[in-house]
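Rule-based calculations on the coordinates, nothing more; no lab input. Because the structure is a prediction, the values reported are computed rather than measured. Cβ coordinates were reconstructed from backbone atoms using ideal geometry, including for glycine residues, and neighbour counts include every protein chain displayed.
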Amino acid sequence: MILKKVVVGPLAANCYIVGSESSKEGMIIDPGAEAEVILSQVKDLGLAIKFIVLTHGHIDHIGALKEVKEATGAEVAIHTDEAKSLQGQSSSTLFGLAYPTPLPPDRLLQDGDSLDIGDVHFLVLHTPGHSPGGICLSGEGVVFSGDTLFNCGIGRTDLPGGNSSQLMNSIHTKLMVLPDNTAVYPGHGPETTIGAERSGNPFLNG
Ligand SMILES: [Zn+2]
Ligand SMILES: [Zn+2]
């Protein structure tokens, strides 16, 4: 599996480019900003992007969506409960950043859906709590955890649609059931493993 992290935007969101070594198909997870940087990495990796998957709809994860979609022609996929974040909002700013032009999703995801790029297979885990339609993607010994689980942290739940008991439930029932050696690639900050978070994350062991 090809895996490349690009840190983008003023909130330092992690955008991941994932691909199949054999088929050279790929997906982009969370094109938050800096479309040109993401697209030049895609070009260097020689990938044909099949999906743009959004772990959730916050501005720091979708800011470059339109440009990346236009450049790649890839399908935009987001959880059903999060799709309205792509429709523009009345008070269209978050973290002081303006929401981009609305862009309707091509594919609405549900818990348990699979996303296949060549011989690379991922499963959609619905993990509400940070936002209603937040997802994680699990497969190939890794999990992309969005803003649900971080290295020694968890997602904030004070934004609209956030819910702390839902977040804890999502982490415990969807992520902590994964093997300890599963690599965790979060939406912000450094990578970790499920085992390291199980034993060392202060928010899970309080
Ligand atoms: Zn977020
Ligand atoms: Zn974020």
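Pairwise Cα distances in the range 2-200 exceed 27 Å in 21 percent of cases.
A straight Cα-to-Cα reach below 17 Å connects Lys50 with the aspartates and glutamates Glu21, Glu25, Asp30, Glu67, Glu70, Glu75, Asp106, Asp113, Asp116, Asp119, residues fewer than 8 places away in its own chain not being considered.
For the residues Leu94, Leu54, Leu178, a GNM of the chain with alpha-carbon springs under 10 Å puts the largest fluctuation on Leu94. Across the options Val68, Ala48, Phe95, the greatest Cα extent toward the positive end of the charge dipole of the chain (unit charges at beta carbon of Lys, Arg, Asp, Glu) belongs to Phe95.
Estimated from helical segments only, the mean residue ellipticity of the chain at 222 nm is -4500 deg cm²/dmol, where each DSSP H run of four or more residues counts as -39500 (n - 2.57). Here's how it looks for Ile117: its modeled amide H is under 5 Å from those of Phe122, which are all 5 or more places away or on a different chain. Ignoring lysines fewer than eight residues from Lys43 along the same chain, the ones with Cα atoms less than 28 angstrom from its Cα are Lys4, Lys5, Lys24, Lys66, Lys69.
Ordering of 112-124, 7-19, 25-37 by packing is 25-37, 7-19, 112-124, highest average first (other Cβ atoms within 10 Å, averaged per residue).
Take every pair of alpha-carbon atoms less than 8 Å apart whose residues are at least six positions apart; their mean separation over the length of the range 80-206 yields a relative contact order of 19 percent.
The trypsin sites (Lys or Arg not before Pro) found in the range 11-76 that occupy coil by DSSP, while having at most 16 further C-beta atoms within 10 Å, are Lys24.
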